[in-house]
Amino acid sequence: MRRNPFQDIEEMLDRVSRQVEEGMTSGGLQVPGSVPVDVADTGDEYLVTADLPGYETDDIDLTLSEGTLRLEASRDEESEYAEGRYLRRERTRTSANRRIRLPEPVEEESVSAGYEDGVLTVRLPKVGGGDDESKQIDIE
């Protein structure tokens, strides 16, 4: 009996669909160059937590503008094994970024950020009104 040529395509599409669904239920699919973040609404503030392992605070640029938190990080490419050859090299990404649109205005003067053990934490207290100017956020 002859096999249906479209059956292979249908099976492949089913597999891809399952993988996307699994990725979405486990916290989403990771886009290369993007920073994985959690955004929590605690009632009084938004709490943004981002994984940035291997970066120093000077490598991270954090800006709040028009209700959007912009996070950019860049570092020099590591060459710790320059004398040998790599069997596998997955840590070559030297920059990452993420933009997070906040659902409500925040008190820009009270925004704070901390960075410890590769995790960036940004606290954004809520406010009733907004300001259209950008604000650079210092990381402690």
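What net charge is computed for the residues neighbouring residue 99, neighbours being all others with C-beta under 14 Å from the C-beta of residue 99, Lys and Arg scored +1, Asp and Glu -1? Before the final figure, lay out the partial values.
Working: positive: 70, 98, 101; negative: 61, 66, 72.
Spelling it out: positives minus negatives among the neighbours equals 0.
Can you give the extra length, in nm with one decimal, that the chain gains between residue 47 and residue 136 once fully stretched, where that is 0.36 nm per residue apart less the Cα-Cα distance?
Values: separation 89, 0.36 × 89 = 32.04 nm, distance 1.72 nm.
Separation in residues times 0.36 nm, less the Cα-Cα distance, equals 30.3 nm.
Ranked by Cβ crowding within 10 angstrom, fewest neighbours first, how are 41, 76, 59 ordered? Please list the in-between numbers first.
Values: 41 12, 76 7, 59 18.
With the fewest neighbours first, 41, 76, 59 line up as 76, 41, 59.
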Computed E for residue 87/residue 65 - FRET, C-beta separation, R0 35 angstrom, nearest 0.05: 0.20
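What does the charge add up to near residue 44, with Lys and Arg as +1, Asp and Glu as -1, over the other residues with Cβ less than 12 Å from its Cβ? Before the final figure, lay out the partial values.
On the way: positive: 123, 126; negative: 41, 45, 104, 107.
After counting each charged neighbour, the total is -2.
Throughout, read-outs are computed from the coordinates displayed, never taken from laboratory work. Note that the structure is a prediction, hence the values are computed from the model and not measured. Every residue, glycine as well, gets a Cβ built from its backbone with ideal geometry; the counts of neighbours run over all protein chains shown.
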